[in-house]
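Peer 1: Submitted below is the structure of interest, expressed as structure tokens.
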Amino acid sequence: MTAAAATRPTAGPLSGPGALRFGYGTNGFANHRLGDALAVLADLGYVGVALTLDHDHLDPFAPGLARRVAAVSRRLDALGLAVVVETGARYLLDPRHKHAPTLLHDDPARRVEFLRRAVRIGADLGAEAVSFWAGVRPPGVPPGVAADRLVAGCATVCAAAAEAGVPLGFEPEPGMFVEDIAGWWRLREALGAPPGFGITLDIGHCRCLEPMPVPQCVSAVAAHLVNVQIDDMRRGVHEHLEFGTGEIDFPPVLRALADASYRGLVAVELPRHSHAAPAVAARSLDFLRAAASRGEGR
């Protein structure tokens, strides 16, 4: 870990929704230089970022990685921003096939190497978590084979993360091989319940497909929650929406996070809003602060 990362403020105790720590995903600032995006978010009042490793924002495969990671760490420290590392880049590994290869493909080596690099980057940045997901089951791969491949790949990543001292947040993603909380529980059990294997919970995904109300989703995984993504969504439609344009009642959700003593980042996840990123980020923070205040009064 760099000296800057070691001195960066980390999560403190929560006393209510007003103490929740709001961040923003850099995948929603795809048209900005990373340094500019970080400055905009800090100026708006965000306390952290969910940093998606990608060709335009800290490419893990480009030359001079150690130097570039150190520079990002210094920038985060200067701005007082905490960080989680996200690995959902669409075409970083294969310019022709979205998200490929995943841990479910016949040859997952490039994905495994990417996740190992993400863990090392996370350690050097002092990241609160490194987040990843299963991917879509490739055509022709039977479910049992996909499950075995996923467990094997996750075990490798868990070993790397344990050695580096970085928590992992596995994200259930609609349409992927592990798409819901129940699937995360099954995967965790298959891995032998490693202590560093937590969950990344996307609040919008809960509304999209979980059978429980969204606040109950938070409570169900509270003990294992290491990373939260937040956005609005409608039932049955996997589309990340700005707050107030979907179906989620946010004050009870934020209240549930505070009641669970969640201390990590709650990062806005709007990957298709880069065209208006500064304005969307400003509106999002205003909305979340207001919703947190309303939740505090319930």
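The values are calculated or read from the model by the stated rules, or taken from the named source; none is laboratory data. The structure presented is a predicted model; accordingly, all values stated were derived computationally and were not measured. With ideal geometry, Cβ positions are generated from the backbone for all residues, glycine too; neighbour counts draw on all protein chains shown. Surface accessibility is based on the protein's heavy atoms, side chains included, excluding ligands, DNA and RNA. Shrake-Rupley method; radii C 1.70, N 1.55, O 1.52, S 1.80 Å.
Peer 1: How many residues does segment 87-138 hold that are open to solvent by 20 Å² or more (accessible area, probe 1.4 Å), touching a Lys or Arg at 6+ places or on another chain (Cβ under 6 Å) and more than 23 Å from L65 (Cα to Cα)?
Peer 2: Of the residues in segment 87-138, 1 are open to solvent by 20 Å² or more (accessible area, probe 1.4 Å), touching a Lys or Arg at 6+ places or on another chain (Cβ under 6 Å) and more than 23 Å from L65 (Cα to Cα).
Peer 1: Here is a list of conditions, (1) in a loop (DSSP other than H, G, I, E, B); (2) under 22 Å from Y24 (Cβ atoms), and D124 meets all of them except one; can you say which number that is?
Peer 2: Here D124 clears every test but (1).
Peer 1: Still on this structure, I have one more. Which of the residues that make up segment 195-213 are closer than 20 Å to P271 by Cβ and either over 13 Å from the mean Cα position of the chain (by Cα) or not hydrophobic (A, V, I, L, M, F, W, C) (or both)?
Peer 2: Hits for segment 195-213 are T200, D202, G204, H205, C206, R207, C208, L209.
Peer 1: Oh, and also: Are any of the residues in segment 198-221 under 24 Å from H105 (Cβ atoms), free of Cβ contacts under 8 Å to residues at least 12 places away in the same chain and of a type outside the set (S, T, N, Q)?
Peer 2: No, segment 198-221 contains no residue that is under 24 Å from H105 (Cβ atoms), free of Cβ contacts under 8 Å to residues at least 12 places away in the same chain and of a type outside the set (S, T, N, Q).
Peer 1: While we're here: Considering A71, A37, which residue is in contact (Cβ under 8 Å) with a residue 12 or more places away in the chain, small (G, A, S), farther than 21 Å from L201 by Cα and not in a loop (DSSP other than H, G, I, E, B)?
Peer 2: Numbers: A71 fails: in contact (Cβ under 8 Å) with a residue 12 or more places away in the chain.
It is A37.
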